[in-house]
Every structure is written in structure tokens, then in C-alpha cells.
1. If you go through the range A:114-125, how many residues are over 14 Å from residue A:188 (Cβ atoms) and out of contact with any helix residue (DSSP H, G or I) (no Cβ under 6 Å at 6 or more places or on another chain)?
2. Looking at residue A:105, is it away from chain B (no Cβ under 12 Å), under 20 Å from residue A:208 (Cα atoms) and in contact (Cβ under 8 Å) with a residue 24 or more places away in the chain?
3. If you go through the range B:399-451 one residue at a time, how many are closer than 20 Å to residue B:312 by Cα and assigned to a loop (DSSP other than H, G, I, E, B)?
4. If we only count helices (runs of 4 or more DSSP H) wholly inside the range B:335-391, which ones have 3 or more residues that are crowded, with 23+ Cβ neighbours inside 10 Å, in the same structural domain as residue B:317 (by TED's automatic domain parsing) and under 34 Å from the mean Cα position of the chain (by Cα)?
5. Does residue A:20 count as farther than 13 Å from residue A:89 by Cβ and either more than 8 Å from chain B (Cβ to nearest Cβ) or in a loop (DSSP other than H, G, I, E, B) (or both)?
6. Any chance you could count how many residues in the range B:292-310 are within 11 Å of another protein chain (Cβ to nearest Cβ) and under 18 Å from residue B:361 (Cα atoms)?
7. Tally time: how many residues in the range B:426-456 are buried (at least 17 other Cβ atoms within 10 Å of the Cβ) and at pLDDT 90 or above?
């Protein structure tokens, strides 16, 4: 967190100055990290989003009860060889969204290793949300038969894992789910994580991820800690920084106008 | 030297290699030429009235170049002779020239042919080029190049003269861009000399799959998706082909995200084959290590950027540190994707134009300029977020006027991009390729170390450390991997095996143990003895005995030691794989070091109970005493000896007698006597080491002891001990159970202490083990190696595969001081071959580097010029005296190295960096 907060914190109760929350997205390549962010920040979806190189940075404001939270989102590159760069982005993060692809079992394994790394290396109070993305791929083909088949889900998933299908055959409509909700959710519970399933494509569940994170983050703690650590002095320059943020906010302005943002 | 009808003259140096003739001007006027020998149509010796020697060369493109050689006649003759030989060898290559030139757009342009084949051109030919051609002044730029080609040759025979950099900096015309990128980066030469390799790579690997290919597949639809061609199967296929071919060619690197972005961008201007070779130059030479599995090159350049920022803009640098903003969060993507996804495409291509010509220094210049131009805003930024916003906003407004409020319409017309370029070149002019190369050298160890420590941390996280502290684990890790890397000299020159080694085998375990416990240094013992011989009393005494005995004793001791360690190895190897992982080693050591008296006793008991019957037989007891002697062999003093003799005595006394009690007792007594004898002797002048030797020999009742043992006692005891051995061979007669063993141990204070704490303490993790093994450099490279598994496979593989085998490795392990020297000589050996394409693309100012090479190897340096020159002459300079010998050397080099120019180029460049 940065100095901006101290000014912010002093007036927050009255003026609704935002609380900054640094959030990092981690997960295997092509699970949809950038798309989740894009959905959250711009409420858009791009079919072929360029892979993130290094990391992308975006911000989004969010209202929670009587507070405004400004998420500073670091969207990291997923390819394994970028792994060594990750600490640069997750240091000081208050929240992390660890994303996997529900149609790809291996991506959950990677997610688990990220969680492990975060729990050992990152900010000890970090709030971690495990998020299974691309549920649209499994629900579209299935919605109709869901009721009848719900019992067989697990068997099917086993099969899917054995087949180890290439995920490229998206067109083939009924792509099978490889990570059962129950399995991931059980893991999340055991590891003390928030758990969601989302679709960046149709927006399902995306806002909840961020809202729930916002609820779980000890905002008061952030405020008081920043208030404590930074004395007045910097206050003068904070105004300028906020202007900067404001300038940036214009691009995101759309969301703010939508009344308390996507959340 | 003269070109066309212009009759310009340049003074400089001429170099010849097996396949190139290179000229670099030494004057202020830049002029660089790398002429592949197969593009020479004819060479004539000019009739010249003066004493000087002149060659009139006619190139493929009917351009006449005259080289006027200044130097002793014999030397010039020799040069011509070599040239002749080399030219003959190139005849075959010449045949491939014509089809190759058909793929060059410059040929079509000058021949007024409409165009080149679609497959030989970039996607832009079909899908249009980014930007408005009118706004880009495409037509007039093409015209300028048309003229330039006429005057100075084109593609393979192009001479780069002073106007060349200017033409580059204003931006290249669309259809020529790809080819000039090739000519600047040197990939043109790679392509011309490896025709067909690209197609072959694709064909040979057709239908195969690999991890890289899967990764590529994921990104195909997400590379410049906004460009029309990549919404089309045609564009996607080309991108797939180029990336896959590269992954097949360089499987260690494979595929790294960001390569897709760079490749998709260059494919707009280049054909598949062109892009493939350009990608080669990018990954191997311009951006070494950027896309490797550890991305060390990219991290390295980030460190350098920080360093340069600190030097050039200290206030901003301090500010960023103060507010804890890491420069690389913003700048890393710029470098990795060459600004392609950071700014509008048209501008990114302008930067690429300069980048291919001037090299990676451009990335630094542009980056610093970006930071400078935004300096005020960045100084106001208080966190990463604000910092990123400033830059994002800046890049999205590059089109805007830099001086919107100026009254001067010309100034108003300048865009922010113009301003950026001029700041980059004007204010950061001091950043030269040499400087970048130097900085890369200076910072690389740090990076390698950081990466190493990252791998280390992440690996240690997954190891259950037992009772070890973090520091101790760190030592175990270091020793473990340094043993893996250095512990098997026989593999050093060998191929990539060691890159994969992740576990200790029985041999390396010995070295590993030796690195943490002095007693386990079996291999070095011979040296120890010899070294300590200088005046220290123990060895002097031993010297008195026969040398043969000492040697045999030493051998015996080594055998005992190895047995002991191998039994330890088996014990550590819990899952019986025959190798020890870091975890197994950790657990094994943990059991010992943090075990208590009873576990220690149990451990020794189990280790010596060879037949696992739960009791120690007579031989096993003797084995135990030998092991103990082995462990104590470096400890001075007699306490241990008497302890061991006590041990033997007690062991035989208290052990359960199974059979033939009398005989056994006698035998035992004999042994004990011998031990006593040794002990007595020790009380005299002998010291621990040599006595222990004797005791051991006694225990073994071996023949050699006769010599060593002094008069009197020897005679008495000999027969008896021999008989003892005999008996022991006949019948196993005593059995000592664990409780008895315990009792025997506890009965002796020294032994008790040893089992209680001494043995555990013999493993030294935090203090050095007698001899310092963990030199910094070694550790760096061992961590490096270790990360070969995961992160720095690229580096390790570079070390093993690219460098010239053993030589490279030697220089690496000798680390910092060794590297520059090694590099220099390597550069020199290959310069004959590589100066052409390397210096070419490293551009004009690399003449300095070429000079260096010239001095070392004397690559046909032709001597002094007085510059009196007729109107058509080029002259060469250099010190006369040395050149003759040097030339000879060079000839050999040429012969030896022959055609493998490109390989060599690769090696040099890779090596340089590593």
C-alpha cells in the first residue's frame, strides 16, 4: 500500500476516498486471468486476448457498504518460465485470485502450487480466492441435461481426465469438465480459500469474486496501519497522485457511473 | 575503396574469413561491408605503376570495389593466394545465389519486376501493412532506398555508408522493411547459407508433438489478434510454422510467450523463412537469454536499465527506490516484446528498425527516454499503480503533438514519438553497444546468483527440513548441488547428462559427505597425508616405516571408509532407488545430526550388522572398529585409540559366545594384545594417525603390518594374529547383541561421548569443513545448474552445448576473472569467421570489437597505409611487424573452421553473453 492511503484514510469515513487494495492474479497460462480482469474492469470479453507479458496493471473501484475500494490489479503472465517474476507482483498484495480452468485438470494442480507459494511467501494476511474459470464451456453444452446427469458428473470427469483431450476443440460444444466443483471447493475449504466458479465470457460469478474478497479483507486494518505508519508530511503531494488516479479513472469511468461498479 | 560511379574512398581494415571479405572503415566516415565470397564474380589484380597492390572486385550486382592493399608485397601475395583458394571453395555456394536473390524484394525493385512470390513475402503484402502508407511517406522512402541500392549494392552485397543509419532512423518503407531488417541483423546471411534448413526442420518434425508446441498452440489466436492476417488461417499457419520450427531447432529454449508477439509482428514484413532466421538472431544474439526458461537475459537487462537510470537520472532513480516501485514491473514487457504491445504498431516498428541495425542498446535508449520525457509525472507517482498509469497514458498519446502550444507550426507538427526518438538518440547517445556488452558482463553473475537463489528458495520450500534451520538447509542445498555439478569430473566435457542430475549416486555421495564431514574426505586423503608431511610429527614418524606399508594402509583405509559411507548411503536411500534426492539426504542427515545417543548407537549397530541377523559377529565387530578408526583418523591424540582397543577388548569379552569358547577367547585376546601394543607404542612418540593405522592393520591381521611395527612386539604377536584371522574365517563364534553393544559403548567415556555428540558434531554445516569448498563462483554455478531442472535449463544447456565444450565450462567455473579473457580469445578464434555478420549487425561502431579480434589473431591485417591513394583505392592499416605470423595462424584457422561460419557465429555470441 502506498502513501495515498493516509490522506485517503483520514477522510475516508466522510469523503468516500477509496481504500487501495493490491490484488494479484495467478494461474496457469490461458486459463483466463486477463479475461477475468477485463470482465471485471471493463465488463468486456475478447475472444482472443493476447497473452500477458510480464504483467498487466489495471484498476477498478468498487463500493462496499460505506467504503470505496480501489483494486489495483496485477494480472500476471501464466507461462511457467515467467514464474520467477511473480514475487515481484505479489509482494505486498492484500489479495490474490488464483485461477484455473475447469476444463483442464492440470490447471488446478498449478493453482494449488500457487496457493502453496502464496501461503509461504506472500503477505501473511493475504486473502486468496480460488477461481475455476470457463464454466460457460461446460454449462452451455450441458444445461439441458444437467438435472438428469448431475449424479454422473464425477464419473464423467474421470473419463475426461483419462481422455486428456486437447482443449482446442472448443467448437465441439460439449467440452467436458475436468475439475468437479466439489473437488475444488473441498480443496479450497481445506486450504482456507474463498472459492468461486466463473465465466469471464458471460460474466457469471466474476463480480462476486471481487466483492467477496473486498468483504474479507480487513479494510479497517489496512486503514489503521497506513494511518499509523505514515505521518502527515506527504499529504500535500497526495492530492496530485489522486489526480493521476482520477485521470486514469476516466477510462474506467463507465463502471463508476454504473453505480457502485460491477460489484 | 570505391563504389559505383561515386568514387568514394575509405581507409580501413580488411578482414578475410573462409567465406567473407569484410571491410571496416577506421575513419569518421562510416563504411562497413561484409561481402560473402560467393557473391564475388571476378577479382582482378590491378596493374598499378606504384608499388602498391590493388584488387579490383566485381560483385554479383556488377558493382566494382577496389581494394588497395598497403603492406609488404609478400604479405599481399599471400592474401591474394588465400583469397583465391577461398573463392574456389565457394563455387558451390554460388549456384544457390540466384534462387536466393529471387526472394529478395530489392532485386524485384531494381529490376522493375512487379513483385516477389507471395511465399517469399510478408503477410503485409496480402493483408496490408499497418499505418497509412501516405502518412508514412512510403513512396519517397522507397525511392531513397532504390537509389541507395544502386549506389551501394543491395542485400548480400550492400555496403553500409554514412547515409544508411539516417535512412533507417526515418523508418523503413513497408516492402523493404523485412529485407533490411535481415541485412541489419545479419539473418540475411544465415538464411542465404542455410537455405532449406527451415523447410527441413518443419518436415522432419511433422506430426510430432512437444510441450512447446502445445504452448505455441495456445497463443496462436492471441498474437496481434487485431491485425487482419491473424484472424485468418494463413497468418495463423505462418506463425505456427515459424514458432514451431524454432522450438525444434532450439528445444532447450522452446517457446516463450512474447516470442509469439515479436514473431507475429515481424511476419507482417518477412516471409516465414526470413522470420525464422531473424528469430534465431533475436534469441541467440540480440536478446540472449531473454526467452530462456529462466529468462535470465531479460532480468539481466532490467538490472542494467536500473543501473543506467541511476547513472543518468539519479533523482528519478532515488524517487523510485523511495516509494518502492520496481522499474521492471513497467519495463520488462517493453524489452521482452520489443515495445510491440506497449505502443501503437507503427511506432513499435520504427523502434524495431533501429533495433535491428543498432542492437539492444536501442531498447535502453528508448526506455530511458520514455522515463525522461515523463520524468515529472513519474516523480509525482507514489506507487506502482500511479507509475504504470503515467506510462500507459503516455504510450496511448504518442500520436499527439509534443508541443501543442508552440507558435511554430513545425514544432507543433512534431509528435510525442518524434520527441521520444530525438531524446533517445540525443540524450542517451553515450549508451553504446560496447557499454551494453560490458554491463551485461558485469551484472551477469549477480543475476545468475539471484535466479539460483530463487530456485533454491522455491525448492527448499518443498523439502521437509526436519530439525534443520534455514541456514543449515541452505548449506545442505548448496553442497548437494555443488557435488552434483562438480562431483563427477568424468562427465564434465560430456553432454547434457549433468543438467538432468537431480540426485546423488553412490560416488557423488562420497564427495557430498566429504563436503560436510572431514572424516568422509576419502578421496583427498592421499593429498592430506602428503601435505601434512611438511614437518608435522605424525607423518615424519610414519615415514620411518616403509612407504609401501603406508600406501597399502591408506588403501585399506580408503576401502574401509568407502564401505562405511556406502552403508550410510544405503541407509539414506529409503526408497531403494540407488540414488539420493535432496529430501533423502536431508532426512538421513537429520536422523544422525539430531539423533540422540541411543539412535546413534543403533545406527552404527545396524550399519555393521551386515547379515541383518540382529547381532554382530566377530567380523562385524572388527568392521565396526575399523569404521571407528576410519572416522577418528584425523583426530590427534590417543584417547580414541585406547577407546577402540577398549572397545575391541570389551566386545569380545562381553559378546555372547556361541561356539568353541576357548579358541575364541584366545583369538580375541590376541587382537586385544595387538591393540594394546599399538597403544603402548603410541604412548611413545607415535601419534594418533599413524597408530590408528597400525591398530587397524592389527585388527585385520594383515601381512603388511610387519614392516611398520617395531622390533620385539611384532614378532611375538604376529603368529597369533594370523591365527586369529584364520579362526575367524573358519567359524563365526561370537555374537554381540544390540544391548551388549550399547553396554560396551557406554562403558567407555570416549565412545559414549562420540556416540552422544561427537559423531553428530562431525558434520559441519555452518562452519567450513577444513578446506573451503564453496567458493562463491562455484556456488553461483551450482545453483545455476540446479535450476537447470526447472528454471535455467537454458543456461545450463548453453553452458554445455554451445560453448566449445570443456573450454567453456572451465571459464565458467573460474567465473568472473576468467570470463573476460576466455571470451576474448574465443572471439578471436572465430572472428575470422564471424566478424562479417557479427560486426555487420552490431553495426558500424563494432569496428572496435573487430580491431580487438584483429590484434589477437591478425585476421589478414594488411599493413600501413600512407593514404596517398589514387582516386580509386582503399587502404588498410595496421602494425606491420606482427602480421606475418598472424596471417599464418589465421590461415590454419580458416582451414580448420571452414564453412561452419554460422555455427561459430552462434557460439561466439552465445558465449560472449554467458
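The values are calculated or read from the model by the stated rules, or taken from the named source; none is laboratory data. Everything numeric here is computed off the predicted structure, so don't read it as measured data. Here the Cβ positions follow ideal geometry from the backbone for every residue, glycine too, while neighbour counts run over all protein chains shown.
1. 5
2. So residue A:105 does not fit the description; no.
3. 5
4. B:345-358, B:361-373
5. Against the criterion (farther than 13 Å from residue A:89 by Cβ and either more than 8 Å from chain B (Cβ to nearest Cβ) or in a loop (DSSP other than H, G, I, E, B) (or both)), residue A:20 does not qualify.
6. Selection size over the range B:292-310: 4.
7. Counting residues in the range B:426-456 that are buried (at least 17 other Cβ atoms within 10 Å of the Cβ) and at pLDDT 90 or above gives 7.
This table checks each residue for (1) assigned to a strand (DSSP E or B); (2) exposed (fewer than 15 other Cβ atoms within 10 Å of the Cβ); (3) touching a strand residue (DSSP E or B) at 6+ places or on another chain (Cβ under 6 Å).
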site	(1), (2), (3)
B:22	yes, no, yes
B:28	no, yes, no
B:33	yes, no, yes
B:44	yes, yes, yes
B:68	yes, no, yes
B:78	no, no, no
B:92	no, yes, no
B:98	no, yes, no
B:103	no, no, no
